[in-house]
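Chemist: Have a look at this one.
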Number of protein chains: 2
Amino acid sequence: MPEDIRPGEIAVALPDAFDAGVYFIGRIRTPWTRRDDCPKNARGSDASCTIELDPRYAAALDGVAGCTHLVVLYFMDQARRDLLVQAPRHGERRGTFALRSPVRPNPIAMSVVRLLHIDGTKLSVVGLDCLDGTPLIDIKPYFASVDSVPEAVVGWNAKEAP
Amino acid sequence: MPEDIRPGEIAVALPDAFDAGVYFIGRIRTPWTRRDDCPKNARGSDASCTIELDPRYAAALDGVAGCTHLVVLYFMDQARRDLLVQAPRHGERRGTFALRSPVRPNPIAMSVVRLLHIDGTKLSVVGLDCLDGTPLIDIKPYFASVDSVPEAVVGWNAKEAP
């Protein structure tokens, strides 16, 4: 995979084989068809998006309508997976695990979304920022008791050493 | 896979092939070696656990020490994947996507953890509830601005219809 790399970026030789497999269990419908059109992050747009669950899994939605918010996992299948340090066009050079970039060894994105309504196997939600057609991996209930940490800080200038 | 199923549970025939692959990028070390010993959820213990990242990916940790909290994705490789409706021993029958159970089509768990310190490729964290040796899939910075929703509600008794 001789792909472009920017100055300061570091790529790795990935393992020869995968360790496990995932099923695409649906598709995410968004207004964004080009990467440059996607909002910078999930709060960058209040657009309503649609999670289209494969009808095979319909029964698993039982109880989901009682959740105001959901955790959505999806697969950024357009992203390269070999960059360990990234130099975003606008932003500082940083390790992949300190970034929410789709570029990562396992390009699985996590977004917290607000559930608007459910119509059969279609969920209308607010809070996604991905390309139209992105494969869905999982839907989970969002529990404020374990998932909400208002005081969390990402201090880019903090000392790296513990 | 002729596995046991409880009354009220619904299983599905999973697709014949996976759609994408994941790499195990490390292992999670916890005090729990049997499923029955694991805390009920991630706030059920303040035990310090260790994320052992494969040294291959060490460079990707650059900047992570500046995060007070992280999103950790891991692969529940002991869990069956075919249940759409589950009847937990203690609890109501519910759809898989309304549960945080490891049993799901893609058994990828998400936990929000507090970062204590980093020593090389070992991260000491609080907030995990998984078995010792669980494969690591991803580490992300936790951004309160998009990931924290203190007012989120999971209302199991809410009407299912929107």
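The values are calculated or read from the model by the stated rules, or taken from the named source; none is laboratory data. The structure presented is a predicted model; accordingly, all values stated were derived computationally and were not measured. When we count neighbours, we look across all protein chains shown, and the Cβ atoms used for this are built from the backbone with ideal geometry, even at glycine. Each accessible area value is taken on the protein alone, full model and side chains, heavy atoms only, with ligands, DNA and RNA left out. Shrake-Rupley method; radii C 1.70, N 1.55, O 1.52, S 1.80 Å.
Chemist: Select from region A:89-113 the residues that are farther than 17 Å from residue A:136 by Cβ and either touching a strand residue (DSSP E or B) at 6+ places or on another chain (Cβ under 8 Å) or modelled with pLDDT of 95 or more (or both) and list them in ascending order.
Modeler: Passing the criteria: A:93, A:94, A:95, A:96, A:97, A:98, A:99, A:100, A:101, A:103, A:104, A:105.
Chemist: Name the residue, out of A:56, A:29, A:35, A:43, that is more than 21 Å from residue B:12 (Cβ to Cβ) and modelled with pLDDT of 95 or more. Talk me through it step by step, then tell me what you get.
Modeler: Working: A:56 fails: more than 21 Å from residue B:12 (Cβ to Cβ); A:35 fails: modelled with pLDDT of 95 or more; A:43 fails: modelled with pLDDT of 95 or more.
Just a single option satisfies the conditions, and that option is A:29.
Chemist: Of the residues in region A:77-132, how many are part of a strand (DSSP E or B) and surrounded by 18 or more Cβ atoms within 10 Å (Cβ to Cβ)?
Modeler: 16
Chemist: Here's another thing I want to ask about it. Looking only at region B:79-87, decide whether some residue is charged (D, E, K, R) and either within 7 Å of chain A (Cβ to nearest Cβ) or farther than 22 Å from residue A:57 by Cα (or both). Full working, then the answer.
Modeler: Step one: of region B:79-87, the residues charged (D, E, K, R) are B:80-82.
Subset that is either within 7 Å of chain A (Cβ to nearest Cβ) or farther than 22 Å from residue A:57 by Cα (or both): none.
Scanning region B:79-87, I find no residue that is charged (D, E, K, R) and either within 7 Å of chain A (Cβ to nearest Cβ) or farther than 22 Å from residue A:57 by Cα (or both), so the answer is no.
Chemist: Separate question: Can you name every residue in region A:42-76 that is crowded, with 17+ Cβ neighbours inside 10 Å, closer than 24 Å to residue B:75 by Cβ, more than 7 Å from every other protein chain (Cβ to nearest Cβ) and of a type outside the set (Phe, Trp, Tyr)?
Modeler: A:51, A:53, A:70, A:72, A:76 - these are the residues of region A:42-76 that are crowded, with 17+ Cβ neighbours inside 10 Å, closer than 24 Å to residue B:75 by Cβ, more than 7 Å from every other protein chain (Cβ to nearest Cβ) and of a type outside the set (Phe, Trp, Tyr).
Chemist: Quick check on residue B:124: is it more than 18 Å from residue B:57 (Cβ to Cβ) and polar (S, T, N, Q)?
Modeler: In short, no.
Chemist: Could you tell me which numbered condition residue A:50 fails, if it satisfies all but one of (1) assigned to a strand (DSSP E or B); (2) farther than 19 Å from residue A:24 by Cα; (3) among the polar types (S, T, N, Q)?
Modeler: The failed condition is (2).
Chemist: Would you say residue A:110 is among the aliphatic types (A, V, I, L, M) and free of Cβ contacts under 8 Å to residues at least 40 places away in the same chain?
Modeler: So residue A:110 passes the test.
Chemist: Give all pairs with beta carbons closer than 6 Å in which a residue from region A:74-97 that is without any contact (Cβ under 8 Å) to a residue 12 or more places away in the chain meets a residue that is part of a strand (DSSP E or B); count only pairs at least 6 apart in sequence or on separate chains.
Modeler: A:95/A:85; A:97/B:139
Chemist: Looking only at region A:91-121, which residues are hydrophobic (A, V, I, L, M, F, W, C) and within 27 Å of residue B:57 (Cα to Cα)?
Modeler: Here is the first cut: in region A:91-121, the residues hydrophobic (A, V, I, L, M, F, W, C) are A:97-99, A:103, A:108-110, A:112-113, A:115-116, A:118.
If the condition is that a residue be hydrophobic (A, V, I, L, M, F, W, C) and within 27 Å of residue B:57 (Cα to Cα), then A:97, A:98, A:99, A:103, A:108, A:109, A:110, A:112 are the ones that fit.
Chemist: Let me ask something else. Report, by residue number, each residue of region B:90-135 that is more than 10 Å from every other protein chain (Cβ to nearest Cβ) and of a type in the set (A, V, I, L, M, F, W, C).
Modeler: Those that are more than 10 Å from every other protein chain (Cβ to nearest Cβ) and of a type in the set (A, V, I, L, M, F, W, C): B:103, B:125, B:126, B:128, B:130, B:131.
Chemist: So residue A:116 ticks every box in (1) at pLDDT 95 or above; (2) touching an Asp or Glu at 6+ places or on another chain (Cβ under 8 Å) but one. Which box is left unticked?
Modeler: (2)
Chemist: Considering region B:13-36 alone, what residues qualify as being open to solvent by 70 Å² or more (accessible area, probe 1.4 Å) and either assigned to a helix (DSSP H, G or I) or closer than 16 Å to residue B:73 by Cβ (or both)?
Modeler: Answer for region B:13-36, where residues must be open to solvent by 70 Å² or more (accessible area, probe 1.4 Å) and either assigned to a helix (DSSP H, G or I) or closer than 16 Å to residue B:73 by Cβ (or both): B:27, B:35, B:36.
Chemist: Then there is this: Show the residue pairs that are 6+ apart or on different chains and have beta-carbon atoms under 7 Å apart, the first residue being within region A:14-28 and acidic (Asp, Glu), the second being open to solvent by 30 Å² or more (accessible area, probe 1.4 Å).
Modeler: From residues that are acidic (Asp, Glu), the pairs are A:19/B:24.
Chemist: Let me ask you something else. Take region A:10-41 and flag every residue that is in contact with a Lys or Arg (Cβ under 9 Å, 6 or more places away or on another chain) and either within 13 Å of chain B (Cβ to nearest Cβ) or farther than 23 Å from residue B:97 by Cα (or both). Explain how you work it out, then say what you get.
Modeler: Restricting attention to region A:10-41, the residues satisfying the condition of being in contact with a Lys or Arg (Cβ under 9 Å, 6 or more places away or on another chain) are A:11-15, A:23, A:25, A:29, A:41.
Result: A:11, A:12, A:13, A:14, A:15, A:23, A:25, A:41.
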